[in-house]
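Just below is one structure, and these are the notes that go with it.
The values are calculated or read from the model by the stated rules, or taken from the named source; none is laboratory data. Remember, predicted model here, so these are calculated numbers, not experimental data. Heads up, the Cβs are rebuilt from the backbone with ideal geometry, glycines too, and the neighbour counts pull from every protein chain shown. SASA here: full protein model, heavy atoms, side chains in, ligands and nucleic acids out. Shrake-Rupley method; radii C 1.70, N 1.55, O 1.52, S 1.80 Å.
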Amino acid sequence: MMPLPDLPAEISVPARLIEVRRLAEHLRKVCRASGVSEMTAFDCELALVEAANNVAEHGHAGLAEGEMTLSVQIGEGRLRMELRDSGKPVPEGQFLAPATASRDAPRGRGIGIIRSCLDTVDYIREDGINRLIMIKRLD
Amino acid sequence: MSENTGILEIAVDHPRLDAAAAPAFRQELQDRFDHRPERVVLDLTHVDFIDSTGLGVLVSMLKQMGTNGRIAIVGASPAVQRLLQITRLDTLFLQCDSTAAAHDALA
């Protein structure tokens with residue numbers, strides 16, 4: 001994986017909706033520093049934002065505090081994002097289920113967007129930690 | 001609202017129309033919907049990013065306008081266009097190059 005000078009390997013923020021913007025900003029910096037195309041960077045940002053929104057809205061709903069941590073790596077022709085948090089586990093099969101939102105539904109598009117924007121999405125629950133690993137091939 | 005055409009024009013000034021901005025945006029729209037319009041020109045020139053929650057506000061807005069409701073979007077950035085394409089909602093909203101073209105499309 002390519003080193004990213006002047007940028008931290010990962011960033012942690014409180015698991016709140018307003019803080020999702022800081023994760024997105026970090027990703028944009030990494031993409032700019034690495035010469036990732038604008039549209040690829042946008043797809044990754046959109047997927048990240050949807051995933052982090054879910055963490056803040058659902059994974060940490062009713063929890064007093066908590067963090068989410070993003071690490072981004074670029075190399076071997078791909079961009080790899082890992083989003084970790086210690087909130088509630090994601091329901092089994094959530095990232096595999098087909099998108100079910102009807103055309104005029106105001107909600108329910110997040111998971112479908114994540115899958116559309118990325119090549120691989122893997123979810124692991126390990127030692128009380130949610131790990132969402134999201135990979136986008138770079139052209 | 002244009003008195004002559006009955007078309008409501010709304011310019012959105014949230015650079016990020018995301019889950020954090022959605023509640024305020026929803027309220028702003030509600031404040032403009034004192035009379036339920038059937039045709040709206042939505043200027044997104046200043047919107048750099050939109051997520052599914054922001055998009056959901058637009059979908060709710062369209063539903064609130066009733067079965068004859070139509071929204072023409074002006075100034076959609078590549079990011080906005082991409083989200084509309086991914087979600088296949090690019091056919092639900094008209095996309096126009098200018099406000100004048102949007103008025104023509106809604107006439």
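Annotations for the structure displayed:
- Within the range B:48-64, being open to solvent by 10 Å² or more (accessible area, probe 1.4 Å) and within 9 Å of chain A (Cβ to nearest Cβ) holds for B:52, B:53, B:60, B:62, B:63.
- One residue from B:45, B:67 being open to solvent by 20 Å² or more (accessible area, probe 1.4 Å), part of a loop (DSSP other than H, G, I, E, B), within 14 Å of chain A (Cβ to nearest Cβ) and over 21 Å from residue A:47 (Cβ atoms): B:67
- Hey, residue A:28 open to solvent by 60 Å² or more (accessible area, probe 1.4 Å) and either touching a residue at least 60 places away in the same chain (Cβ under 8 Å) or under 26 Å from residue B:26 (Cα atoms) (or both) or not: no
- Members of the range A:82-139 found to be small (Gly, Ala, Ser) and surrounded by fewer than 12 Cβ atoms within 10 Å (Cβ to Cβ), listed by number: A:93, A:102, A:128
- The selection criterion, being within 21 Å of residue A:103 (Cα to Cα), in contact with a helix residue (DSSP H, G or I) (Cβ under 9 Å, 6 or more places away or on another chain) and away from chain A (no Cβ under 11 Å), does not hold for residue B:86.
- Note on the range A:73-117: residues that are within 11 Å of chain B (Cβ to nearest Cβ) and not charged (D, E, K, R) total 13.
- Hits in the range A:37-72 - residues which are away from chain B (no Cβ under 14 Å) and either open to solvent by less than 20 Å² (accessible area, probe 1.4 Å) or within 17 Å of residue A:13 (Cα to Cα) (or both): A:63, A:64, A:65, A:66, A:67, A:69, A:70, A:71, A:72
- Restricting B:76, B:21, B:11 to residues that are aliphatic (A, V, I, L, M) and open to solvent by 50 Å² or more (accessible area, probe 1.4 Å) narrows the list to B:11.
- Test: residue B:100 is facing another protein chain (nearest Cβ under 9 Å), open to solvent by 10 Å² or more (accessible area, probe 1.4 Å) and not β-branched (Val, Ile, Thr): no
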